[in-house]
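Bear in mind these aren't lab numbers, they're just calculated from the coordinates by the rules spelled out. This is a predicted model, so every value here is computed, not measured. Cβ coordinates were reconstructed from backbone atoms using ideal geometry, including for glycine residues, and neighbour counts include every protein chain displayed.
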Amino acid sequence: MGEPTEALLAPEVVQRRLESVWAAAPSAEQWQALWAYTGRLPEGEPAGYLKSYALLTYLLGVDAQEMAVAIVWPARTLYVCTAQAVWAEALNRLTEALPEPSEMQLRVVQLEAAEEVAQALAARGVPRTAHRWATLLKERTQHDGAFAAACAAFVYGADEVSTDLDNAAEWVGNLLIRKHDDEVAIMRQSAHLASRVCQVFFVDRMETAFDEDTHVTHEKLSEEVEACLAVPHRVGLKLPPAECEAAFPPIIQSGADGPFDLRPSAASDQRRLRTGVVLASIGARYRQYCSNVVRTYLVDADRSVRQMYAALLQALEAVRRALVPGRPASDAYQAATEALGAEVAAQHLALRYVGYGIGLEFRDSTWLLNEKNHKRLQPGMSFVIGIGLHKVGANGKAALMLADTVLVNDSAEGAEVLTTTAAKVPSKVTYFLEAEEEEVNEDGTGRAPEEHADGAKENRRMRADADEVNGGAGRPEKPNMLSEPAMSSVGARRRGQAASATEADAEAVAAEAERIRAHQAQLATEKLAESRARALGDRTVGKGASDDGGRGADGDGRPRTLDQYIAYPSADAYPAALRPRQLHVDMEREVLLVPINGVPVPFHVATIKNASKSEESGFAYLRINFHVPGAGSSGVGGGGGTTGGAVAAAQSSLFPPGTKAVLKELSFRSQQASNLNEVLRKIKELRKRFTSREAEAHVKETLVKQAPLSLETDARRIPHLVDVCVRPPIGSGGQKANHGVLEAHLNGMRFRSRQQRTVDILYANVKHAFFQEAKNEVVVVVHFHLHTPIMVGKRKTADVQFYTEVMDSTVRLADSRRNPYDVDELEEEQRERENRNRLNKLFFKFTKEVEAKSNETIEFDMPYRELGFEGAPDKSQRFLMPTRDCLVDLIESPPFIVTLEDVEVAHLERVTYSLKNFDLVLVMKNFSREPTARNQVQWVRISSIPTSEMDSVKKWLDSVNIPFYQGPSNLNWNVVLRTIREDLEGFYEEGGWRFLDAEASSEEEEGEGEEGGDGDGDEDEEFMLDDSELEDADASTSDDDDDDDGDEDYDDELDVEEELGDDDAGEEELDSDDEGLDWDEMERRTRAEEKRHKRPWEDEDDDADDDEEAGRGRRDRKHRSRARG
C-alpha cells in the first residue's frame, strides 16, 4: 500500500459514497447505528474477503488495519476511529476537502491509545447505550490486537454477551452490490483481465501441453496462470501490475473420470493434465474489485458430454436473460432449471445456486442467486452467474461448469456479460487429437472421427472442432506471421511436426505462393501511390531549409574561421622557454612557434594539416603542411562534410572572406634530429588532442537539448536492475568501470556506474525498446533505440544497451573435453540453467515495471526467433530476427536495427538456381532526397542469406506489407537512386519499382526483340539452340557465376551440319549484309549492341543474364561463320 494520501479516494468520490450510505439508512424499527472494525494482521498475511475490510474500501478506498467505522444515522455522521497518526492526518485533510453541505458528514476520531475507543466516542456524543447498534456478528473472532479487543468491548460489552445487537451483514451486502460508475469501470477492467488471461494464456498453454505431449500438473498450471494475472502486459493489457493479482489460486481440473470439485473453495491438485474435460476457474482482482470466469474445454470428449455441454450453455444464457431490473433474484435459478429440464436439473445440477454477488467481496453470501432469494434486482448490480453439472458422460464421472461476470443494466434483454473475451461456444472449446476431421451432421452437431482398424491415431495434432470453419464457410484464414501466437485461431496454429509430402501439401504451397503474389501486386500499387505523393510533395516543400553540413558553428550559426583562433594577445606573452632560431611547441596555448627571418611566428594547431620528418644526406628535414582553401581533407576538428565538393567547400569555409594568399607548407633542416623529433611528436599530440576536443564539441552542438530527468523520491517505487553493463562503454577501465545499476524514474531511466558516472534516457526519446532473453546467447539484453542521439561517455549514439552475462563467454581449452557423466559438470550446467532463467525473469519483470512507470510511453518488443535468418549486413555474419516493428541483431556490436516503417521496397538479389546464398536490399523511404550527411542511410544490403530461407523471408516481408522484387544480379544502388532522383516524375510515370521485376523485364525484352529485329528472324530461328543445349549453357553460366567469373568456355561446339543440312542451303539463307563481315567486325558490333542496351546500374561482374546472352550470341556467330565457310 502506498502513502495514505495517495491511497484514499478523491473527495468527490467519498461524497458520493456518503450519499449512498444516507440513502440506504435502515428503518427506525430496526437499528440506528452501525459499528464495524478491523484488527491487526500478521506480517505478509492478506486481509481476505471480510465485509469490514470491504466496507472500509468502499467508503475510503483503503483496507486499512486497526480502523473502525461508526455510522450514526440520527446524528447524520460517519465516524472513522484510528490510533495511527498518519491515517488521522490524511483523513482530516480529506474531511476538509469534502464539499459542504451534505446529508452525511465525515468525522475523524483520533485515539491517544487503542483502548480509548468507548471514551472517545462518548466524548463526541455517541455512547454505546444511546442507540440500537448493528455489527458484523460473524467477524466477532476474526480480528486480533489491542485495538480490535477495545472495539469488541465497545459493541459487545465488557462480558461480550450483549443480546441487543443486530447483524449488519445483509445491509453491507446491499450497499456494496450496487456499483457506482467508477466502480463499474474497474469491474470491466477486472473482468477483462480474467477473461483475457483465460483465452490468451491458459488456452495456449493447454493446447501446447496436449500438442507436445508434455506432462504438466494442475498445480503447476495454476501457478503459471496466477503469475500471469500479476503481469497483465503478458496478455496485451496496459494495466499497472501493482494493482493486479489473482482473486484466488486458479482452479484447474481435468480428466474423463474425475474427480471434480465444483465448489468455489476447490483447489488444484498434483494430477497431470489429461484429456476428456478440462475445467479452468480463473479469478482476477484489480484495484480490490474481483471478477471470475469459468470455462470447460472438451478434449477428445465423448458425444454425451458434448451434448450436455450444449444444454449447459443454453441454461447459462437463460440465467443471463433473467437478470432484469425489477425481477426477483430467484427468477435466475428458476430459469436455469427450466432450461435444463426438471430431470436433468435434479440429477446433474451440482450447486443449489446459479450465481452470487461479486465486487469488493469475491462471493457475497447475502446475494446468492437461489430459489430463496426474492430481493429485487437493480441496475448497477454485479454478479457471477455460473452453472455446474456433475455425473455426466458415458461413465457418469465427468463434470462441466461455466461461469461469467455480468452487470445488471437497464436493458430488458438481460445482464451484460463482462467476460466475453473468453470463448465458450462449442466450436471454440472442442478439440480432437485425431488426424481425421470430424464430420458434421445435418443438424450442425459434430460427429466424432472414426479410428482406424488398428486403433492407432495418426499425426497427433491439436485442432478445433470441424463445425467451426469460419462459420462453416471454409478454412480458417491464415494468421499474420507476426501476430501473437496465443491470438491465432487453433486451426491455423503452426505446430512443429513434420508433415508428409502429399499432394494436398503441394497444393497448399502453391496456393500460398499465389496468395503472396496477388497480395504483392496489390501492395505494389498502393505503396507506389503513397511513395509518389510523399516524394513529389517533399520536392516542393521545405526547399529553404538549410543544413550545417555536419560542421561546428559559432553562437550565431556560422562556421568558425581560422582567424578567430588567438593564441597570444601580444609578443610579450610568448613562452619563456622559447629559444632564438629554433622551433618550439607551446602545449598550453596549442601553438607552434616557427622562426622566420629570426622572428618567432606563432601558428595555431588549427591551421596545421599534418607534419612529417625525413632524413637525407646527414640532415633531418621537418615538413609542415597547412590547410589551404579547396583542398580535400578531414577538416578541422573532425568536422567535414560529405565527399568531393562538399569537403572542398568545408575547407574553404575555414578561411575568412577575401583571403587572397595562404601559406601552404614550411620545411626545416637541421643536423641535430633530436629537437625536430620532439617538435614532431608534440605536433601530432596537439593535433590529436585538438581534433578530439573539437569533434566532441561539434557532437554536443548537434545534440537535441532534452528535459532534465525527474527522479523518484521513494526508493521503494524505483524499478531497478543491479550489476548490469552498458554498451557503448561509459568510460575507460574495462568492464568493471561500465558495471552499475539501471533505475526507472518518473520521466526516464538513469544508469549509475560504480564510478558514479551516469547516463540518462528519457521515455519520450525512446523510439524502440527491445528485450531479448538469453536462450542461445550468453547475455540477456534490454536495448533502447533513440529518436535523437545522446552522449554516452564521449560518444554520440542513438543506441544504448544494458546487459548481463548469464555465463562466462570464454571457455578454457583444457575444459573443451567434457565428461557428460561427471557429477560436478552436471551440477555446473544445472546452475547455469537456473541462473539463465533467473536473469531472464528479472529482466522481463523490469521491462514490465518500466512500461507501467512510463504510463505506456514505451513498450518493449521481443524478437521472433522462429522467423530469424542468417545474414551479413556489415561483412560479418549475424543472426537477424524480426520484431513487431524492426529487423534487429542486438548481440553483435554495433547493433543492427532497421525500422520497418522506414522501408520503401525490398529487392532480393543474386536469386539464381545454382547459388546457395542470396542478398536482400532494403531501400528506405528517404531515397528521393539527396543525402545531406555522410552517415545518412538510404539503402541497406544484407548479404549471404541461405537460399533455404528465401521462402520464409518472402512470407515475412509480405506479412509486414513490404513490396519485394527479385533479380539475378547485384545492383549498384548509389547509381540507381541517383538516376531515379534525376527524373523522379519519370520514375513514377514508368511504373516506379517495377523495373526490378526480373520476370516482367524479361518478357518486355523478348517482345522488343521480336518487334524490333532487322528482318533476320526467320534465318536466326534455324540457329537457335534446343532445350537440352540451353540447359547445358545455363549450367555452364551458373558454374562460372559461383566463382564470380563472367567469362565462359565454349569448346563444346554443336554439329552444324546436323542443324543446317548442306552448306549451300545455309549460304542462301544468310542476309546480304552479313556475307561481307568477318569475325572481328561481328564481335565488335555485338559488344557495341550489348553496351547500348546495358542498364547503367548493373554490375558487370555479377550479371549472369548478360554473360549468358553474350555466350549464346557467340555460339550463333560461330554457326553463321561455319555456314558461310
List the residues whose amide H sits under 5 Å from the amide H of Arg878, counting only those 5 or more places along or on another chain, with H placed 1.01 Å from N in the peptide plane.
Gly871, Ala872
Calculated FRET value between Glu526 and Asn972, using beta carbons and R₀ = 35 Å, to 0.05:
0.80
Quick one: if you stick a label point 7 Å off each Cα along the C-beta vector at Ala707 and Glu678, how many nm between them?
5.7
Determine, for each peptide in 326-332, 395-401, 670-676, 138-144, the mean count of other beta carbons within 10 angstrom over its residues, then list the peptides with the highest first.
395-401, 326-332, 138-144, 670-676
When all C-alpha to C-alpha distances in region 873-982 are sorted into bins of 10 Å, what percent of pairs does each bin hold, rounded to whole numbers?
13, 46, 35, 6, 0
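How do 715-725, 582-592, 361-371 rank on mean C-beta neighbours within 10 Å, highest first?
361-371, 582-592, 715-725
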Over all directions, what mean area does the Cα convex hull of region 713-773 project, stated in square nanometres?
4.9
Please work out the C-alpha center-to-center distance from region 909-955 to region 363-413 and express it in whole Å.
59
Ser268's amide H: which non-local residues (gap 5+, or another chain) put their own amide H closer than 5 Å, with H modeled 1.01 Å from N in plane and none for Pro or chain starts?
Ile252
Name the long-range amide H neighbours of His584: under 5 Å, sequence gap of 5 or more, or other chain; modelled H, no Pro or chain starts.
Leu593
Given the pairs Lys375/Lys397; Lys794/Lys841; Lys767/Lys955; Lys796/Lys875; Lys664/Lys794; Lys845/Lys954, which are separated by over 30 angstrom at their Cα positions?
Lys375/Lys397; Lys794/Lys841; Lys664/Lys794; Lys845/Lys954
Taking 7 Å along the Cα-to-C-beta vector as the label spot, tell me the Arg579-Ser20 distance in nanometres, rounded to one decimal.
9.5
Check each of the GluC sites (Glu not before Pro) in region 23-81 and keep only those in coil by DSSP with at most 13 other C-beta atoms within 10 angstrom; list them in order.
Glu29, Glu43
Percentage of Cα-Cα pair distances in region 237-367 greater than 21 Å, rounded to whole percent?
52
Could you give me the percent of Cα pairs per 10 Å distance bin for region 17-168, shortest bin first, beginning at zero and ending with the bin that holds the maximum distance?
10, 44, 38, 8, 0
Computed FRET efficiency, Cβ-Cβ of Arg929 and Thr979, R0 22 Å: what is it to the nearest 0.05?
0.90
Tell me, what is the FRET efficiency for Gln314 and Ala242 to the nearest 0.05, using R0 = 41 angstrom and their Cβ-Cβ distance as r?
0.50
Residue-ordered couplings for region 285-300, obtained by feeding phi - 60° into the Karplus form 6.51 cos²θ - 1.76 cosθ + 1.60 and rounding to whole Hz (Gly and Pro as x), are 9, 10, 6, 6, 9, 9, 8, 8, 9, 10, 10, 10, 10, 9, 10, 6
At what distance in nm do the modelled label points of Glu1089 and Val741 sit from each other, each positioned 7 Å from its Cα along Cα→Cβ?
7.9
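Can you tell me the relative contact order of region 817-919? Whole percent, Cα pairs under 8 Å, sequence separation 6 or more.
Taking the mean separation of contacting Cα pairs over the length of region 817-919, I get 11 percent.
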